[in-house]
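My questions all concern the structure below.
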Amino acid sequence: MFRATIISVTCFLGFLTITSPAHSQAKSAQELVGACARCHGTDGNSSSGQYPSLARQNQEYIIKQLHDFKSGVRSNGEMSPLVGVLTDEDIITLAKFYYEEHIVRQRGIDEDLAKIGKDIAKEHGCASCHQANYRGAGPIPRLSRQKRVYLEKTMKDFRDGIRTNDNGLKTTVMDALSDEEVKALSHFLSGM
């Protein structure tokens, strides 16, 4: 009887330790990435063009975007519910994990469009924010080797006012671009 009571108390205390917010344990990157992998790949390289690759993306940028999804500043039916359960520590863990992964070169790049896109990027001074080789810095995202379809949609969303969590910085640049120019720019950036 005494032994059964000790085992019961031990199990109960163990349960309290696991479920108590004060004693929550930090999750590993591998535990967290599982929910992300369906869209963003296990190593951050998305297999579908509609989802961004997160590999080698700047940590501050990922942290900002995840906080924006969590707060509702940036809305997405797939992302918002998943991010809602993340702690600040989880978000930092994910950002570090993805930054350390290698981003793969994109396929299906039209070289003629990429040349036009390069001229457009130069004309509009895209590197002044996104840095040399469009790798971004801090809260400014890496654009090089990003998924072409995702880039094209995102640039149009900024241009058309659908996405607004950039404090208006991209809208002024994107406003001047036609659909054809956006497409060319996406081929250039993805192919870098």
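How far, in degrees from 0 to 90, does helix 29-40 lean away from the longest principal axis of the Cα atoms of the chain, to the nearest 10?
40 degrees
What does the accessible area per residue of the chain come to in Å², with a 1.4 Å probe and no ligands, DNA or RNA counted?
Working: 11340 Å² over 192 residues.
Here the residues of the chain average 59 Å² of exposed surface.
Structure shown: which of LYS27/LYS96; LYS64/LYS156; LYS118/LYS183 lie over 19 Å apart, alpha-carbon to alpha-carbon?
Details: LYS27/LYS96 13 Å; LYS64/LYS156 21 Å; LYS118/LYS183 11 Å.
Flagged as over cut-off: LYS64/LYS156.
Just to be sure I understand the model, the point goes 7 Å from the Cα along the line to the Cβ. What's the resulting ASP175 to ASP112 distance in nm?
Label-label distance for ASP175 and ASP112, simple model: 3.3 nm.
Select one label from [x] 48, 37, 30; [y] 81, 30, 26; [z] 55, 40, 38: the one whose number is Cα extents along the principal axes in Å as derived from the coordinates shown.
Looking at Cα extents along the principal axes in Å for this model, the match is [y].
Taking a 1.4 Å probe, which of HIS102, HIS187 shows the most accessible area, and what order do the others take after it? Before the final figure, lay out the partial values.
Working: HIS102 130, HIS187 10 Å².
Result of the area sort, largest leading: HIS102, HIS187.
While we're looking at this one, here's another question. Treat every Asp and Glu Cβ in the chain as -1 and every Lys and Arg Cβ as +1, leave all other atoms uncharged, and give the resulting dipole magnitude about the Cα centre to the nearest 20 debye.
That gives the chain a dipole magnitude of about 360 debye.
Please name whichever of ILE63, LEU86, SER48 sits farthest to the positive end of the charge dipole of the chain, dipole taken about the Cα centre and charges placed at Cβ: Lys and Arg +1, Asp and Glu -1.
Result: LEU86, furthest along the dipole toward the positive end.
Provide the gained length on full extension for the span ALA26 to ASN76, in nm with one decimal, where the gain is 0.36 nm per separating residue minus the Cα-Cα distance. Don't skip to the answer; put the middle values down first.
Numbers: separation 50, 0.36 × 50 = 18.00 nm, distance 2.59 nm.
Gain in length upon complete extension: 15.4 nm.
Reachable aspartates and glutamates from LYS122, Cα under 17 Å, same-chain residues fewer than 8 places away excluded?
GLU111, ASP112, ASP175, GLU180, GLU181
A further question follows. Starting from the 7 Å offset along Cα-to-Cβ, what nm value, one decimal, do you get for the label separation of SER47 and ASP157?
In this crude spin-label approximation the distance works out to 2.2 nm.
Roll a 1.4 angstrom probe over the protein heavy atoms and tell me the percent of accessible area of region 106-192 that is carbon or sulfur.
Numbers: 2390 of 4670 Å².
Using a 1.4 Å probe with all protein chains present, region 106-192 comes out at 51 percent carbon and sulfur.
Could you let me know the centre-to-centre spacing of region 112-144 and region 158-186, using Cα atoms, in angstrom?
So the separation of the two Cα centres works out to 13 Å.
Also: Over the chain, what is the relative contact order in whole percent, taking alpha-carbon pairs under 8 Å and six or more residues apart?
Details: 263 pairs, mean separation 45.1, N = 192.
After rounding, I find 23 percent.
While we're here: Of the candidates GLU123, GLU31, GLU60, which one comes out as most mobile in a Gaussian network treatment of the chain with C-alpha springs shorter than 10 Å?
Greatest mean-square fluctuation among the candidates belongs to GLU123.
The values are calculated or read from the model by the stated rules, or taken from the named source; none is laboratory data. Keep in mind the model is a prediction, meaning the values are calculated, not measured. Neighbour counts are summed over all protein chains in view; Cβ atoms, including those assigned to glycine, are modelled from backbone coordinates with ideal geometry. All accessible areas refer to the heavy atoms of the entire protein, side chains included, with ligands and DNA or RNA removed. Shrake-Rupley method; radii C 1.70, N 1.55, O 1.52, S 1.80 Å.
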